[in-house]
Amino acid sequence: MDTREQRSRSGNGRAAIIVLAGLAAGAAVAARFATQTATVTVTQATNVAATLSPDRGTLILDVQGVLFSLPANGGTAKALTDPLLEGARPHFSPKGDLVAFQAYKGGTFHIWSMRPDGSGVTQLTDGHGDDREPRVSPDGTKIVFASDRAFANSGDRSATIDGSYDVWQLDLTTKTLKPITTAGRTDEFEPNWSPDAQELAFFSWFFSAPSLGVNGWFSDNGTFTNDAGAVCC
C-alpha cells in the first residue's frame with residue numbers, strides 16, 4: 001500500500017514531467033517559427049521621401065523606416081538599411097557617391113550617410129537635439145539640416161524658453177558644425193541649396209503670427225546675410 005508521502009512524491013514527479021514536456025514542446029514550436037520567413041510585396045506607400053541619383057538611373061526612398069534602392073524606370077526595390085536604424089529623408093550628393101539621411105536610432109534624430117549601395121553607414125551628428133532633413137551642397141562638401149540642438153544643449157534659460165529649430169551646416173571635411181539661422185521663437189526647417197550654393201531656401205514658422213515661407217541667402221564668405229520675411233500669412 002502506498003503511503004500518503006509516496007503518493008505525493010509520485011504526483012509531483014508526474015507534474016514535473018508534464019511541465020518539462022510542455023516547455024520542450026513550446027521551445028520546439030518557437031524554434032520552428034523562428035526559422036520561418038515571410039515575403040511581403042509592397043506596391044504602394046504613403047509619406048515617402050525619395051531622391052534621384054545624378055545619372056537619373058536610381059531612386060532611393062524611405063518606406064516604413066527602411067531605405068530602399070529602386071531603378072528609376074521601375075522594377076524590384078532592394079533594402080539598403082537595417083529596420084532598427086529607422087532611416088528617412090535621403091538625399092543624393094551631386095557626385096552620386098554619398099547619400100545623406102536622417103535616422104532615429106537611439107531615440108533621437110541625427111544625420112547619417114552611406115554609399116548608394118547601402119555600405120559605409122556612418123553617423124555624422126550626435127547630441128540631445130534632433131537633426132533632420134539633410135541636404136548635400138552642390139560641391140558635395142557640406143550638409144545643411146534643421147535642428148533644435150541649440151535649444152536642447154543650451155544651459156541658457158532664455159534659449160530654453162525661446163528655443164526652436166534652426167538651419168545648421170555640417171562641413172564634411174572638418175566635421176565642424178555651425179548655425180546658419182539663430183532667430184528666436186521661430187522654426188526654420190526644410191533647407192535647400194541653390195545650384196550655385198550662393199542661396200539657401202527654407203521654411204519658417206513664426207510663433208507669434210503663424211506664417212510660412214522665408215527665403216534667405218549666403219554672401220560670398222558663406223555667412224547668412226538676408227531674411228526676406230514672411231511671404232504669406
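In a shell of Cβ-Cβ distance under 13 Å around residue 95, excluding residue 95 itself, what net charge do Lys and Arg (+1) and Asp and Glu (-1) give?
Net of charged neighbours comes to -2.
For residue 131, what charge total do you get from the other residues with a beta carbon under 9 Å from its beta carbon, if Lys and Arg give +1 and Asp and Glu give -1?
Overall, the nearby charge balance is -2.
Any read-out appearing in this document is the output of simple, stated calculations on the displayed coordinates, not a laboratory observation. Since this is a predicted model, take the numbers as computed values, not measurements. We place every Cβ from the backbone using ideal geometry, glycine too, and count neighbours over all the protein chains shown.
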